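Below you'll find the structure, written out as structure tokens, and then a few comments.
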Amino acid sequence: MAKRVLILAGGGGHTGYAYALAQNLYGRANLHFLAPEDDMLSQKRLSRFGEVYPLIRPRGPKTPHHEFILRLIRAFPRASKYISNDYDVVVSTGNNLCVPPSILAWLKGIPVVNIESSVRFIKPSKTAFLLQPISKLTALQWEEQKKILKRGIVVGPLIPKPEIEPRNDGYILVTGGTEGHRLLFNVIAKSNLKNVVMQTGKVNPEPYRRLHPEWKIIEYSTEFHRLIANAEVVVTHFGMTALEALVYRKPTVIVPNPEWTRAATLEDAKYYAKKVNAVIITEITLERILNAIEEAKEKERPKLPDGAKNLANIILKLS
């Protein structure tokens, strides 16, 4: 009988890890997912692989502490509806959404697999650190992460499988991920670039549409891989998109968002940029961005191990 696997998708890049893992488990395991109740994009993306159940996400990038505590308390009884002994493995992809269901799974004796984020090098994410003691396996994406999570096993970066053949349609893809990157958008909107596709996330796209009616500007896309695959260069925040760009061999510029005070540090971003051989910008000016775009075109794109495939194989062997 196929293993029943529950994957906890925390949204944004964490959903990216869930997606990459699901690609490698689909047809080999019976897949189910928990995803943020307010994240229809994650729910829609993952629904192609199995049933997706909504769960409250206790904390976003700017959630006040008092609200976080209340939402965390509410998340436990909500999560308990979905955690049953029918599952053989529960997989946390990171983000605080994963904490309540992972603890509940552990209490029921269900093996928990704990994935550390690809952007952590200096210190572990709170979720990975909290879940390590109760996890059957903590999966690391880089060798350097063994210094911050000593019990972890390196599987490699969780990179999705390519879904289409890449081509170069000559546009610059500017993306801020789920939350958006207002500072990056404001600066690049001052440029004379003509062929730009901008994905704004939660940032209002209308000011940029008025400034640049010739640009294609969207908030979200369930076919985001197509935008990456057909771009000339990808300019992105510090997250999963840089790994997705490697799938399609795209030059990449990383622009860390200083508004994300709870995210990984600038030092983490520098390590990450080296890993994916991207150009990193630490001071967001138009001149630096334009120069970085040209510099990125000259860089080689590295070949990385298939961490999603490796982890899928480990999960299928877990008892």
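The values are calculated or read from the model by the stated rules, or taken from the named source; none is laboratory data. Predicted, not measured: the structure shown is a model, and the values here were computed from it. Note: ideal-geometry Cβ built from the backbone for every residue, glycine included; neighbour counts use all protein chains shown.
All of K303, K309, K297, K274 fail the test of being of a type in the set (D, E, K, R), farther than 20 Å from G12 by Cα and at pLDDT below 95, apart from K303.
Of the residues E179, E143, the single one that is surrounded by 19 or more Cβ atoms within 10 Å (Cβ to Cβ) and acidic (D, E) is E179.
Residues in region 239-261 that are in contact with a Lys or Arg (Cβ under 8 Å, 6 or more places away or on another chain) and either among the aromatic types (F, W, Y) or assigned to a loop (DSSP other than H, G, I, E, B) (or both): R249, K250, P251, E259.
Going residue by residue through region 207-214, is there one that turns out to be assigned by TED's automatic domain parsing to the domain that holds G177, farther than 21 Å from Q23 by Cβ and touching a Gly at 6+ places or on another chain (Cβ under 9 Å)? Within region 207-214 (the criterion being assigned by TED's automatic domain parsing to the domain that holds G177, farther than 21 Å from Q23 by Cβ and touching a Gly at 6+ places or on another chain (Cβ under 9 Å)), the answer is no, since none of the residues qualifies. May I ask you to say which residue of E259, E223, E267 is assigned by TED's automatic domain parsing to the domain that holds L184 and within 27 Å of P166 (Cα to Cα)? Result: E223 is the single residue among E259, E223, E267 that is assigned by TED's automatic domain parsing to the domain that holds L184 and within 27 Å of P166 (Cα to Cα).
Of the listed requirements (1) at pLDDT 95 or above; (2) more than 27 Å from N96 (Cα to Cα), A245 misses just one: (2). For first residues located in region 205-232 and assigned to a helix (DSSP H, G or I), partners that are aromatic (F, W, Y) and lie 6+ apart or on another chain with Cβ distances below 8 Å form the pairs Y208/F185; Y208/W215; R209/W215; H225/Y248; I228/Y248; A229/Y248.
Among the residues here, V276 does not qualify as more than 22 Å from E143 (Cβ to Cβ) and not assigned by TED's automatic domain parsing to the domain that holds K62. The condition of being in contact (Cβ under 8 Å) with a residue 60 or more places away in the chain and of a type in the set (F, W, Y) holds for only one of Y53, Y82, that being Y82.
Selection within region 182-197: residues that are in a helix (DSSP H, G or I) and of a type in the set (A, V, I, L, M, F, W, C). The member of this set that is surrounded by the fewest Cβ atoms within 10 Å (Cβ to Cβ) is L183.
Would you confirm whether or not region 238-249 contains a residue that is out of contact with any Pro (no Cβ under 7 Å at 6 or more places or on another chain) and among the charged types (D, E, K, R)? Checking region 238-249: not a single residue is out of contact with any Pro (no Cβ under 7 Å at 6 or more places or on another chain) and among the charged types (D, E, K, R). Can you find, within region 228-237, the residue that is farthest from the chain's Cα centre (by Cα) among those that are over 17 Å from N277 (Cβ atoms) and buried (at least 20 other Cβ atoms within 10 Å of the Cβ)? Of everything passing the filter in region 228-237, A229 is farthest from the chain's Cα centre (by Cα). Each residue in region 189-205 was checked for being more than 23 Å from the chain's Cα centre (by Cα) and β-branched (V, I, T), and 0 pass.
When you check F68 against the structure, is it under 22 Å from W260 (Cβ atoms), without any contact (Cβ under 8 Å) to a residue 40 or more places away in the chain and either aromatic (F, W, Y) or touching a His at 6+ places or on another chain (Cβ under 8 Å) (or both), yes or no? It is true that F68 is under 22 Å from W260 (Cβ atoms), without any contact (Cβ under 8 Å) to a residue 40 or more places away in the chain and either aromatic (F, W, Y) or touching a His at 6+ places or on another chain (Cβ under 8 Å) (or both). A single member of S125, S102, S135 is surrounded by 18 or more Cβ atoms within 10 Å (Cβ to Cβ) and under 18 Å from the mean Cα position of the chain (by Cα), and it is S125.
Under 21 Å from the mean Cα position of the chain (by Cα) and modelled with pLDDT under 95: is that true of N85 in this structure? Criteria not met by N85.
Scanning region 17-30 for residues that are under 14 Å from R48 (Cα atoms) and either surrounded by 24 or more Cβ atoms within 10 Å (Cβ to Cβ) or touching a Pro at 6+ places or on another chain (Cβ under 8 Å) (or both) yields A18, Y19, A20, L21, A22, Q23, L25. Tell me, yes or no, whether region 200-208 has at least one residue that is aliphatic (A, V, I, L, M) and surrounded by 23 or more Cβ atoms within 10 Å (Cβ to Cβ). The answer is no; no qualifying residue exists. P251 meets each of the listed conditions (1) of a type outside the set (G, A, S); (2) surrounded by 17 or more Cβ atoms within 10 Å (Cβ to Cβ); (3) within 15 Å of F121 (Cβ to Cβ) apart from (3).
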